[in-house]
Every structure is written in structure tokens, then in C-alpha cells.
1. Positive end of the charge dipole of the chain (Lys, Arg +1 and Asp, Glu -1 on Cβ, about the Cα centre): tell me which of A257, V181, T215 has its Cα farthest that way.
2. Run lengths n ≥ 4 of DSSP H only: what is the helix-derived mean residue ellipticity at 222 nm for the chain, with -39500 (n - 2.57) per run over all residues, to the nearest 500?
3. Below 8 Å, C-alpha to C-alpha, sequence gap of six or more: please give me the relative contact order for segment 117-178 in percent.
4. Connecting C-alpha atoms closer than 10 Å in a GNM of the chain, tell me which of L160, L82, L272 has the biggest fluctuation.
5. What lysines does K184 reach when the alpha-carbon gap must be under 20 Å and sequence neighbours fewer than 8 apart in one chain are set aside?
6. Relative contact order for the chain using alpha-carbon pairs under 8 Å, separation at least 6, rounded to a whole percent?
7. Which whole-number value in Å³ per residue fits the convex hull of the alpha carbons of the chain?
8. Within straight cross-link reach of K42, meaning Cα distance under 29 Å, which lysines are found once same-chain residues fewer than 8 apart are removed?
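Nothing in this text is a laboratory measurement; each read-out follows from the coordinates by a stated rule. Here the structure is a predicted model, which is why all the values come from computation and not from measurement. As a convention, Cβ positions derive from the backbone with ideal geometry for all residues, glycine included, and neighbour counts pool all protein chains shown.
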Amino acid sequence: MLTFRMRGARLMGALLALAGLLHVALTLKIAAFNIRTFGETKMSNATLSNYIVQILSRYDIAVIQEVRDSHLTAVGRLLDRLNQDDPNAFHYVVSEPLGRNSYKERYLYVFRPDQVSVLDSYQYDDGCEPCGNDTFSREPAIVRFFSPLTEVKEFAIVPLHAAPLDAVAEMDSLYDVYLDVRQKWDLEDVMLMGDFNAGCSYVVPSQWSSIRLRTSPAFQWLIPDTADTTATSTRCAYDRIVVAGTLLQHAIVPDSAAPFNFQAAFGLSNQLAQAISDHYPVEVTLKRA
């Protein structure tokens with residue numbers, strides 16, 4: 001079950017309608033960010049929370065992974081900070097806690113309601129966790145967006161924080177998730193993104209041929225294998241963005257997909273950068289209409 005929270009629904013509708021009438025010349029920036037152990041401790045630290053808010057404010061849609069917040073206290077604080085200058089700047093969608101045992105994580109979407117609206121959402125059903133025949137450690141929480149200002153008007157986002165030792169199998173199974181989204185919503189334009197653990201020791205070169213998400217010509221991988229999406233001393237392309245659907249693929253601003261190195265952007269020490277997260281966000285921009 002996904003929880004959708006918004007403020008000022010009438011204002012949101014008015015802003016979307018006005019933006020559509022005026023054809024505001026805007027692009028849409030989307031990101032996936034694994035914020036290591038995001039919860040009350042991190043949001044209670046003024047320095048770390050300030051940088052997290054700065055990073056997320058760059059985006060119109062951001063999908064946050066590794067949310068460890070059973071009572072949504074940290075999520076509430078994050079939204080208060082994002083909305084401190086405008087109470088309707090950001091809304092959110094959050095999944096239930098996901099995991100096969102006592103360790104649980106949530107997926108969290110934060111988005112600007114004057115740029116996009118949520119049409120629908122659902123939690124992918126990958127089988128019976130207690131039975132041991134489920135596919136994902138943290139099954140995707142999928143959201144369908146309407147974007148009046150961009151070339152592609154409707155698209156879905158499928159997030160994944162893959163279990164490191166099951167990265168190959170989980171990435172391969174994203175192909176099945178894509179087919180499920182197509183069947184459910186009759187929608188081909190889908191962005192799959194997140195910390196796939198898609199590099200270094202978790203995926204060796206000989207294994208790529210067994211991953212349908214990689215071998216099918218329907219998908220474009222926007223973050224290359226040579227990228228470094230980690231804020232640590234490792235150089236690994238763990239975090240990825242993959243797009244399917246002709247309209248969505250054509251709507252990508254060329255060369256806009258990349259990790260955002262917040263350490264370099266903000267001039268942070270290694271220690272402070274890694275306290276924020278051991279991953280950089282991966283981001284991409286969609287063309288305006």
C-alpha cells in the first residue's frame with residue numbers, strides 16, 4: 001500500500017491548469033537518491049539535513065531509497081523543511097515498510113505539484129515473503145505521473161534498491177515489473193531507477209547477458225557502466241536510470257543523465273559527504289513541450 005500526502009489540493013489544480021495555459025518553458029528534472037539510513041537521526045542533524053534539503057530541492061521528482069522511518073517522523077520533518085518557504089512546494093508518496101525480515105525500508109517520492117501530479121500508484125506483488133518465493137527484497141512501489149509541461153505527458157517510475165547479493169536476479173526481474181506496468185496501465189513510457197547495485201563485485205561482465213533489462217532493445221540505460229555513483233573511495237556504477245517507451249526516450253534531454261557529485265558541488269570533506277550518504281543521486285532531465 002502506498003500513502004499519498006498533499007497539501008492545498010485546490011491550489012495544486014489551479015497551478016497545474018495555469019501552467020498548462022501559459023505553456024511555461026520548463027524542463028523536468030528527476031532523480032533517484034539512496035540516502036543511507038535516512039531517518040530521524042539524520043533529519044535531527046542540522047548540517048546533514050540542510051544538505052539533504054539542498055540536494056532534493058534541485059529536483060521536480062526525487063525517489064529516495066533506504067528510508068528507515070517506521071512512524072514517518074523523519075519524512076514529516078523533511079517535507080516541513082522542503083516546504084518552509086512555500087507550504088505547497090513539495091508533496092510526497094511513500095511505500096509501506098518493505099523487507100523479508102525485521103529490517104525494513106521504504107521508498108519515498110517527493111515531487112513538485114505545480115509541475116506534475118500523481119495519476120495512480122501501486123505496490124508490485126512479487127510473491128509470498130513468508131513462503132520464500134518472492135523476487136525482490138524491497139519490491140518496487142510504482143507511481144504514474146502526469147506532466148503537462150513536458151513532451152511526454154504521462155509516465156511511470158519504478159524504483160528499486162536491490163539487495164547486493166541478488167542484484168543480477170532483481171535487475172532481471174525488473175523486466176517483469178515493466179510488463180506488469182504495461183498491462184495494468186496500458187503505458188509504455190516507464191523510467192526504472194535507483195540503487196541497483198549494478199556494478200563492481202555485485203555484477204561481473206559475464207552476467208549482463210542474463211539480465212533481460214539489459215539485453216532487450218526496449219530499454220535505454222542512461223547511466224553508463226563507467227560512471228561513479230558512490231561518495232566513497234570505490235568507483236562503481238551502482239545507481240542507474242533505465243527508460244522504456246518511445247515518447248519518454250525521445251523526451252530525454254541529451255547528456256542530462258549523470259550522477260550529481262554533491263561533494264564537489266558543495267566543497268565537502270570526505271567525512272561530511274559520506275555522512276550525508278555513500279551514494280550520489282542519479283538525475284535526468286525531460287524536455288519541455
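1. It is A257.
2. Working: 9 runs with 81 residues, N = 289.
Helix contribution divided over all residues of the chain: -8000 deg cm²/dmol.
3. Working: 80 pairs, mean separation 18.6, N = 62.
Once normalised by length, the contact order is 30 percent.
4. L272
5. K153
6. On the way: 623 pairs, mean separation 58.0, N = 289.
Relative contact order for the chain comes out at 20 percent.
7. Details: hull volume 37.5 nm³, N = 289.
Per residue, the Cα convex hull of the chain comes to 130 Å³.
8. Within the straight-line limit of under 29 Å, K42 reaches these lysines: K29, K104.
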